[in-house]
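Undergrad: Once you've had a glance at the structure underneath, I'll fire off some questions.
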Amino acid sequence: MLGRVEQVPLNRFHFRVAGMLGVGTFFDSFDGLILAVALTATLQALGAPMSVAGVLIAAGYLGQIIGAIGFGFVSERYGRKIAFVVSSGIFGLLSLVAVFAWNVESLMIIRLLQGIGLGAEVPVAAAMFNEFVRAKARGRIVMIYESLFGWGILAASLVGGLLLAVFPPHNAWRYLFLIGGIRC
């Protein structure tokens with residue numbers, strides 16, 4: 001199989017896989033940062049003190065650790081494609097659910113669960129790249145793919161700043177989660 005992968009020139013299939021994985025990575029970084037961008041507005045809207053900010057943010061990272069480890073096993077057992085689709089669905093769907101968070105505790109639980117999908121997407125996508133793209137082209141494609149993570153962070157900052165400037169802060173943070181979940 002490996003010999004076959006090395007002989008196949010880059011084609012539409014490779015670009016389609018890279019595009020799917022790239023969109024996932026872009027929104028992975030976007031979703032990972034939107035809470036930090038709108039943290040003050042989020043806490044104020046939910047009536048929570050700033051002292052819970054660290055725990056709220058940490059909940060997402062704890063979920064990411066669980067997702068990275070757990071979905072490694074899932075991708076080995078059931079395949080990378082299924083693991084990628086499920087993990088992307090988890091974090092996209094839970095981004096939409098976060099729009100309706102009614103208090104900081106509910107948002108913490110949502111972010112913990114969303115983090116499972118976020119944490120799973122990166123290692124599964126990296127493994128998929130190594131399986132579908134021949135070594136000669138892998139460096140260029142992975143470099144473009146990895147740059148999408150940075151673009152997602154930039155987009156979260158710019159879009160977050162714009163939404164916080166245009167809409168009332170108690171709604172703007174919800175719109176950020178809505179944008180993060182649109183890809184679902």
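Undergrad: In nm, give the distance between the simple-model label positions of Arg138 and Leu96, each being 7 Å from the Cα along the Cα-to-Cβ direction.
TA: Going from the Arg138 label point to the Leu96 one covers 3.6 nm.
Undergrad: Rounded to the nearest 500, what is the chain's calculated 222 nm mean residue ellipticity when only DSSP H runs of at least 4 contribute -39500 (n - 2.57) each, over all residues?
TA: -29500 deg cm²/dmol, from helical runs alone.
Undergrad: Now a separate question. Net charge around Arg183, counting only other residues with Cβ within less than 13 Å of its Cβ (Lys, Arg = +1; Asp, Glu = -1)?
TA: -3
Undergrad: Now, a different point. Taking the dipole about the Cα centre of the stretch 1-135, with the C-beta of Lys and Arg at +1 and of Asp and Glu at -1, give me whichever of Pro49, Leu39, Ile82 is farthest to the positive side.
TA: Among Pro49, Leu39, Ile82, the one farthest towards the positive end of the dipole of the stretch 1-135 is Ile82.
Undergrad: Would you please calculate the Kirkwood hydrodynamic radius of the stretch 1-134 over all C-alpha pairs and express it in Å, rounded to one decimal?
TA: 15.8
Undergrad: Let me ask something additional. Mind running the shape call on the stretch 83-171? Use the C-alpha gyration tensor, a ≥ b ≥ c as the square roots of the eigenvalues: rounded below 1.5 for a/c, prolate if a/b tops b/c, oblate otherwise.
TA: It comes out oblate by the Cα gyration axes.
Undergrad: Probe 1.4 Å, all protein chains in place: accessible area of Val124 in Å², nearest 10?
TA: Here the accessible area works out near 0 Å².
Undergrad: Hey, another quick one. Taking only C-alpha pairs under 8 Å that are 6+ residues apart, what is the relative contact order of the chain in percent?
TA: Details: 263 pairs, mean separation 72.1, N = 184.
This gives 39 percent for the chain.
Undergrad: Under 10 Å, Cα contacts only: if you run a Gaussian network model on the chain, which one of Leu162, Leu94, Leu39 comes out with the highest mean-square fluctuation?
TA: Among Leu162, Leu94, Leu39, the largest mean-square fluctuation in the Gaussian network model of the chain belongs to Leu162.
Undergrad: If I take R0 = 41 Å and measure r between the Cβ atoms of His170 and Glu131 in this structure, what FRET efficiency does the formula 1/(1 + (r/R0)^6) give, to the nearest 0.05?
TA: That gives a FRET efficiency of 0.35.
The values are calculated or read from the model by the stated rules, or taken from the named source; none is laboratory data. Please read all numbers here as calculations on a predicted model, not as lab measurements. Quick reminder, even Gly has a Cβ in these numbers, built from the backbone with ideal geometry, and neighbours come from all protein chains shown. What goes into the accessible areas is simple: the full protein's heavy atoms, side chains included, and nothing from ligands, DNA or RNA. Shrake-Rupley method; radii C 1.70, N 1.55, O 1.52, S 1.80 Å.
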